[in-house]
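Visitor: Provided herewith is a single structure, encoded as structure tokens, for subsequent inquiry.
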Amino acid sequence: MFTLYVFGSVLESYWGPRRFLAYYLVCVLAAGGTQLAVEYAARTGEPTLGASGGIFGVLLAFAMLFPRARLMLLIAPIPLPAWLVVMVYGLLELFFGVTGRQASVAHFAHLGGMLGGAIMMLYWRTRADRGGWRPT
């Protein structure tokens, strides 16, 4: 939720509260749908709780809108561009989801939140709405 506070406040200032809320809800719903689809395909039925898929969508939007923003990681205090941090984080989620490591984490929900956010931003871009996808 700290991530939502930090990056979400930037996106809310950029898009406005209504557009940000719509975006976040699409990411959460896409995350839930993706997790349900993966569990159905794998014939598992573990309960899933949380809004982390929406958080991953927020991270993706931040990286798409502000790709050159510098983020400082706690692991290695080296400033890295937002696009790189989010891309590596997404690839790690894919790796952990496919390999089954960290089994108690809904990795595909995280990826689904990113996918839902990407689709929504591309939709806004094709509609050329004010406040849609504009790289800085």
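All of the numbers you see were taken from the coordinates with simple rules; none came from a lab. Nothing here was measured: the structure is a model prediction, and the numbers come from that model. As a convention, Cβ positions derive from the backbone with ideal geometry for all residues, glycine included, and neighbour counts pool all protein chains shown.
Visitor: ³J(HN,Hα) across the stretch 103-116 via Karplus (A = 6.51, B = -1.76, C = 1.60, θ = phi - 60°), whole Hz, x for Gly/Pro?
Guide: In residue order, the calculated couplings are 4, 8, 10, 7, 4, 6, 5, 4, 5, x, x, 5, 5, x Hz.
Visitor: Now, a different point. Show the residues, 5+ positions off or on another chain, whose built amide H is closer than 5 Å to the amide H of Leu71.
Guide: Amide H to amide H, under 5 Å and 5 or more residues apart or across chains, Leu71 pairs with Leu80, Ala82.
Visitor: Right, here's the next one. Could you list Phe95, Phe66 so that the one with the fewest beta carbons within 10 Å of its beta carbon is first and the one with the most is last?
Guide: Listed from fewest to most nearby Cβ atoms, that is Phe95, Phe66.
Visitor: Inverting the mean 1/r over all pairs of different Cα atoms, compute the Kirkwood radius of the chain and quote it in Å.
Guide: 15.3 Å is the Kirkwood radius here.
Visitor: Could you give me the ³J(HN,Hα) list for the stretch 51-67, computed from phi with Karplus coefficients 6.51, -1.76, 1.60 and θ = phi - 60°, whole Hz, x at Gly and Pro?
Guide: 10, 5, x, x, 5, 5, x, 5, 4, 4, 4, 4, 5, 6, 7, 10, x
Visitor: If you don't mind, another one. Please name whichever of Ala106, Leu25, Leu80 sits farthest to the positive end of the charge dipole of the stretch 3-136, dipole taken about the Cα centre and charges placed at Cβ: Lys and Arg +1, Asp and Glu -1.
Guide: Leu80
Visitor: Build a GNM of the chain with springs between Cα atoms under 10 Å: which of Ala63, Ala30, Ala42 gets the top mean-square fluctuation?
Guide: Largest GNM mean-square fluctuation: Ala42.
Visitor: With a 10 Å radius around each residue's Cβ, average the other Cβ atoms per peptide and rank 51-58, 113-120, highest first.
Guide: Order by mean packing, descending: 51-58, 113-120.
Visitor: Same structure, new question: Please report Thr44, Thr34 as a ranked list, fewest other C-beta atoms within 10 angstrom at the top and most at the bottom.
Guide: Lowest to highest Cβ neighbour count: Thr44, Thr34.
Visitor: Would you kindly state how much longer the chain becomes between Thr48 and Thr126 on full extension, computed as 0.36 nm times their sequence separation minus their alpha carbon distance, in nm to one decimal?
Guide: 24.8 nm
Visitor: Here's a follow-up. Could you give the size of the charge dipole of the chain about its Cα centre, using +1 on the Cβ of each K and R and -1 on the Cβ of each D and E, expressed in debye and rounded to the nearest 20?
Guide: With only Lys, Arg, Asp and Glu charged at Cβ, the dipole is about 460 debye.
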